[in-house]
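These notes concern the structure reproduced below.
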Amino acid sequence: MMKKNINNECTLDQAMEMGLTEEEFKLICKKIGKTPNFTETGICSAMFSEHCSYKSSKKWLKTLPTSGDYVIQGPGENAGIIDIGDNQAIVFKIESHNHPSFIDPYQGAATGVGGILRDVFTMGARPIALMNVLRFGEISNPLTNHLLSGVVKGIGGYGNCIGIPTIGGETNFNQSYNSNILVNAMAIGLVKKNKIFYSAASGIGNPVIYVGAKTGRDGIHGATMASAEFSDDTESQKPTVQVGDPFTGKLLLEACLELMKTDLILSIQDMGAAGLTSSSVEMASKGNVGIKIDLDEIPLREKNMSSYEIMLSESQERMLMILKKGAEDDAKKIFKKWDLDFAVIGKIINEKKIILKKENKIVCNLPLDFLVNDSPELSREYVIETSSKILDNKNIIKKESIKSIIYKIIKNENFASKKWIYEQYDSSVMGDTISIGNKSDASIVKVHNSEKGEFKGKAVAISTDCNSKYILNDPIEGGKITVAEAARNLIVSGAKPLAVTNNLNFGNPEKKEIMGQIVGSIKGIKEACEELYTPVVSGNVSLYNETNGKSILPTPVIGMVGVIDDIEKIIFMNAKNNETLFIVGQDENKFDGFLQSSLYQEIFCDDFLGQVPPINLKKEKQLYDFITKLNDNNIINSAHDISDGGLLPCMIEMLLLYKLGININLPPRIKTPNKENLLFLHGWLFGEDQSRIIISTNKPDELMEFSKSENIKIYCIGKTNNTGVVEIPKYDSICINKCLDLYNNTIPNLFS
Amino acid sequence: MRVAIVVFPGSNCDRDIFEAIKFISKKLPKFIWHKETNIENFDLIVIPGGFTFGDYLRCGALASNSPVIKSIRDHASRGGAILGICNGFQILTETKLLPGTLIKNSVLKFLCHDLNVIVQNTLPSPFTWGFKPNTKLNIPIAHNEGNYYVNGNELKKLIFNGQIAFKYEENFNPNGSVENIAGVLSENGRILGMMPHPERSVFSHHNSLDGRLFFQNLIEQLLS
């Protein structure tokens with residue numbers, strides 16, 4: 001079909017097959033003053049796809065705060081950049097590879113990692129860490145094991161080989177992801193502030209260079225696939241999944257960084273989604289110039305590829321660069337050393353157009369402004385739905401002991417240790433890893449060579465978070481909590497939160513309630529990012545995560561980056577013997593706890609619909625300042641955020657490493673067992689009230705004084721001991737060894 | 001103390017080794033690109049970990065045909081010291097500078113975690129002498145093909161000669177290697193291949209400092 005009429009005018013049917021609507025096709029014809037041919041239509045359709053144009057979300061994304069004193073680059077480039085002092089900057093971004101990973105878990109996940117790494121090193125940064133956020137269907141779904149194993153192998157397959165440590169993330173399971181898993185990969189890189197590279201093309205007549213792997217037929221029109229819902233014939237889409245080659249990725253990384261040390265190169269961009277199309281269009285349009293490419297010069301892996309296929313291929317490990325005139329030979333030497341293809345494929349022109357030539361014929365001639373600026377921005381209808389359900393005494397489980405409840409929470413797949421997963425990733429290569437999220441709430445890597453004499457160096461801390469239950473039950477409040485939890489994880493690790501990358505994963509935005517989840521959560525994220533001074537500097541949107549009309553849980557993932565000015569101030573999460581545990585931020589008068597939307601509710605009640613724990617961002621910020629002050633005064637020995645599962649499970653996590661015990665000091669109202677009080681008891685132990693942190697200290701008196709002078713509520717839980725038993729007086733005793741066994745062995749038992 | 005670090009396309013622990021040796025010896029090691037053919041006068045050649053040539057065909061197989069290998073062989077025949085870590089170990093078995101072969105972990109998964117290796121009672125070797133036999137060193141592993149295999153006769157020979165340098169603890173063998181072997185010496189004790197990464201337990205921010213002990217001892221032994 002394609003080859004015969006590729007240079008003829010495209011029909012409406014063909015355009016619609018490529019994902020354009022009738023309206024969009026008509027707009028294109030009108031704006032360019034002709035009916036586009038097949039190749040041109042393919043290019044327009046890719047640029048207009050949700051993946052490239054953000055047409056459903058653009059209106060709302062614009063409202064996010066994106067600037068700040070230390071923001072060097074906000075959204076709109078390959079990745080965001082923040083200043084961390086000492087002429088150093090951190091480059092980071094998160095990106096989804098959801099649809100390909102469901103079709104081919106290994107390749108989908110591997111190329112997700114490869115793609116996000118290129119986004120970071122294309123800016124001149126050496127990647128220093130990888131994170132990933134994964135969502136799978138329920139454990140009992142036979143596909144889950146296959147998908148999880150494939151995705152984990154794929155992430156490791158790429159990250160391990162290229163030699164960048166994978167240092168954290170999160171994995172959750174819910175039936176809504178049964179037929180639509182989520183694979184969000186985040187990369188963090190380090191760059192010298194004066195050696196950052198951007199994508200805007202410049203210099204009329206300057207050569208356009210193609211480097212990296214050859215172009216094949218893999219991933220053709222992947223951006224469009226990523227913008228469509230799944231149906232039962234998903235299997236037939238396999239050819240649209242790209243194939244990754246981490247070895248070539250490694251060579252490309254080293255070659256690009258070597259070239260960037262010279263002054264031969266002006267700008268560079270990864271050929272990511274929509275391959276050569278989006279990279280050439282975006283580079284030229286950002287530079288306010290045009291671009292002319294001779295498709296016969298593109299290194300091809302397969303014979304007889306059409307202009308359409310070449311432009312829409314998403315073959316991996318390729319970059320587009322603009323060099324200074326005359327720099328071609330010197331640059332070529334570097335790529336030859338690394339055995340990579342290097343081809344001069346065109347030049348920068350004055351006229352703001354993309355002109356493509358093949359076999360001496362013009363096969364595409366499109367105005368650039370139109371492709372970038374006139375891509376649609378939709379005002380989709382939306383309705384923000386919230387749940388007002390409240391749990392009362394009759395919803396509370398009465399038959400089970402505290403012991404049995406806590407064991408069930410710990411062995412829940414959404415709470416248990418994901419060690420079985422993360423041990424399959426190389427987390428210590430590059431030698432700078434400090435915590436992979438098992439020793440502290442945030443993942444931490446040292447800034448390479450930042451130590452000097454007595455000073456032990458500084459570090460970068462990263463946290464990724466999303467609690468979909470909260471978003472589902474209240475998109476706005478849920479959005480705020482997601483940001484706050486990420487920030488809290490950094491704070492309790494001794495870091496200063498700086499900026500955010502987000503990955504907004506949702507269902508079909510054409511449905512009002514799904515659009516409401518998108519709009520609501522962006523509103524919440526906006527408010528929290530403003531209040532907590534963490535601007536959004538990069539991100540990605542993944543919509544149409546639906547199969548046969550059933551949407552995934554709303555999953556707007558936040559990846560937050562912070563800095564630790566002195567690695568000796570890092571706070572770890574494991575308490576030691578004979579330390580006093582306090583809840584910081586807990587109002588002792590409000591001990592009824594917030595069980596709605598909790599993990600407790602998810603496990604023990606029929607559903608998890610309900611109100612979302614309220615969050616006061618001003619108080620949240622005060623809490624951060626307080627924790628930072630305590631840390632500056634060496635009062636904190638260890639700290640852990642209270643999140644999924646509530647107080648008791650999170651406190652037990654702090655006791656696991658050294659197998660400690662504690663005698664819990666219960667609030668007066670629940671000191672004496674009483675059936676009427678069960679709601680309060682369970683609420684206190686398992687409620688997920690926000691803005692609370694558990695800390696351990698050897699200086700309880702100083703802590704109490706600080707809390708008075710700063711007016712922050714604290715509550716003393718008790719002193720750790722080496723009995724290995726958590727005593728809840730008059731209720732139950734919990735064995736830490738049993739907890740440890742369930743915590744560590746649940747996931748291996750499920751998946752081995 | 002002159003140390004060479006051989007870099008192949010796909011090596012990825014070259015910088016880590018560089019930092020470790022620089023920190024401990026206070027001297028700068030030299031990177032040697034795999035196409036170089038003239039490497040002389042080094043006290044130690046290190047072949048670092050990574051995925052040379054993508055580990056395509058077989059781990060270490062393509063690297064073992066690189067131009068630099070001839071010089072490494074020459075260095076070995078002069079009795080020079082060679083340390084191969086992880087993928088470097090695989091390259092040394094592929095070149096037959098060390099006996100045996102490394103196959104897929106028995107669990108069929110890549111594994112990365114800290115573990116203990118136990119120093120064995122070996123023939124004279126700069127890599128092990130200086131440690132009391134049975135010393136435990138806490139050093140991380142990170143590999144997919146670390147399952148060391150030799151046939152029964154060769155294993156007997158290794159044991160008889162004292163060529164087994166390191167073993168994993170009984171019941172904590174991560175990869176199914178024969179005799180829990182984690183590291184093997186050449187017949188003259190001058191070449192060591194090991195799966196664990198001592199360069200990842202050198203600095204104070206690492207989980208252990210036992211890799212520092214390993215390198216300190218090695219440098220002392222080589223200089224003495």
Point to revise | Sum of side-chain charges, B:Glu179 neighbourhood, beta-carbon under 14 Å (Lys, Arg +1; Asp, Glu -1) | key: 0
Review point. So how far apart, in nm, are the two label points at A:Lys389 and A:Asp701 if each is 7 Å from Cα heading toward Cβ?
Key: 5.0 nm
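On average over all directions, what projected area in square nanometres does chain A have, based on the convex hull of its Cα atoms?
30.8 nm²
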Review point. So which trypsin sites (Lys or Arg not before Pro) in the range A:580-643 end up in coil per DSSP with only 15 or fewer other C-beta atoms within 10 Å?
Key: A:Lys590
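Would you calculate a helix-derived [θ] at 222 nm for chain A, using -39,500 (n - 2.57) for each DSSP H run of n ≥ 4 and dividing by the full residue count, to the nearest 500?
Working: 25 runs with 256 residues, N = 752.
Mean residue ellipticity at 222 nm (helix-derived): -10000 deg cm²/dmol.
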Practice item. Any aspartates and glutamates with Cα under 14 Å of the B:Lys30 Cα? List them, leaving off those in the same chain fewer than 8 positions away. Key: B:Asp14, B:Asp16, B:Glu19, B:Glu40, B:Asp43
Exercise for review: Kindly report, to the nearest 10 Å², the accessible surface of A:Asp218 as traced by a 1.4 Å probe over protein heavy atoms only.
Suggested key: 10 Å²
Practice item. For the range A:341-363 and the range A:616-657, compute the distance between their C-alpha centroids and round to whole Å. Key: 57 Å
Exercise for review: Give the long-range amide H neighbours of A:Ser542: residues separated by 5 or more places, or on another chain, with amide H under 5 Å away, using H modelled in the peptide plane at 1.01 Å from N.
Suggested key: A:Leu504, A:Asn505, A:Phe506
Revision key, fill the gap. Counting only protein heavy atoms and leaving out ligands, DNA and RNA, the solvent-accessible surface of B:Arg15 at a 1.4 Å probe, in Å² to the nearest 10, equals 70 Å²
Check your understanding: Over chain A, what is the relative contact order in whole percent, taking alpha-carbon pairs under 8 Å and six or more residues apart?
Key -> 15 percent
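State, as an integer percentage, the relative contact order of the range A:1-95 based on alpha-carbon contacts under 8 Å between residues 6 or more apart. Walk me through the numbers on the way to the answer.
Working: 80 pairs, mean separation 16.4, N = 95.
Reported relative contact order: 17 percent.
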Point to revise | Placed amide H near A:Thr215: partners under 5 Å, 5+ positions off or other chain | key: A:Leu300, A:Arg301
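I need to check one value: relative contact order of chain B, counting alpha carbon pairs closer than 8 Å and at least 6 residues apart, in percent.
On the way: 516 pairs, mean separation 44.6, N = 224.
The normalised contact order for chain B reaches 20 percent.
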Exercise for review: For the range A:615-662, state which chymotrypsin sites (Phe, Trp or Tyr not before Pro) are in a DSSP loop and have at most 15 other beta carbons lying within 10 Å of their beta carbon.
Suggested key: A:Tyr658
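How much of the DSSP beta bridge set in the protein assembly as shown is antiparallel, as a percent to the nearest 5? Provide the component values of the computation, followed by the final result.
Values: 118 of 155 bridges.
Just about 75 percent of them are antiparallel.
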Review point. Hey, got the dipole for the range B:3-223? About the Cα centre, +1 on K and R Cβ, -1 on D and E Cβ, debye to the nearest 20?
Key: 200 debye
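Which order, highest average first, do B:117-127, B:178-188, B:101-111 follow once you tally other Cβ atoms within 10 Å for each residue and take the mean per peptide? Present the calculation step by step, with values, prior to reporting the outcome.
On the way: B:117-127: 19.9, B:178-188: 21.7, B:101-111: 18.4.
With the highest mean Cβ count within 10 Å placed first, the list reads B:178-188, B:117-127, B:101-111.
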Check your understanding: What is the extension gain from B:Lys26 to B:Lys136, computed as 0.36 nm multiplied by their sequence separation minus the C-alpha to C-alpha distance, in nm to one decimal?
Key -> 37.0 nm
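The values are calculated or read from the model by the stated rules, or taken from the named source; none is laboratory data. Predicted, not measured: the structure shown is a model, and the values here were computed from it. We place every Cβ from the backbone using ideal geometry, glycine too, and count neighbours over all the protein chains shown. Just the protein is used for accessible areas: all its heavy atoms, side chains included, with ligands, DNA and RNA removed. Shrake-Rupley method; radii C 1.70, N 1.55, O 1.52, S 1.80 Å.
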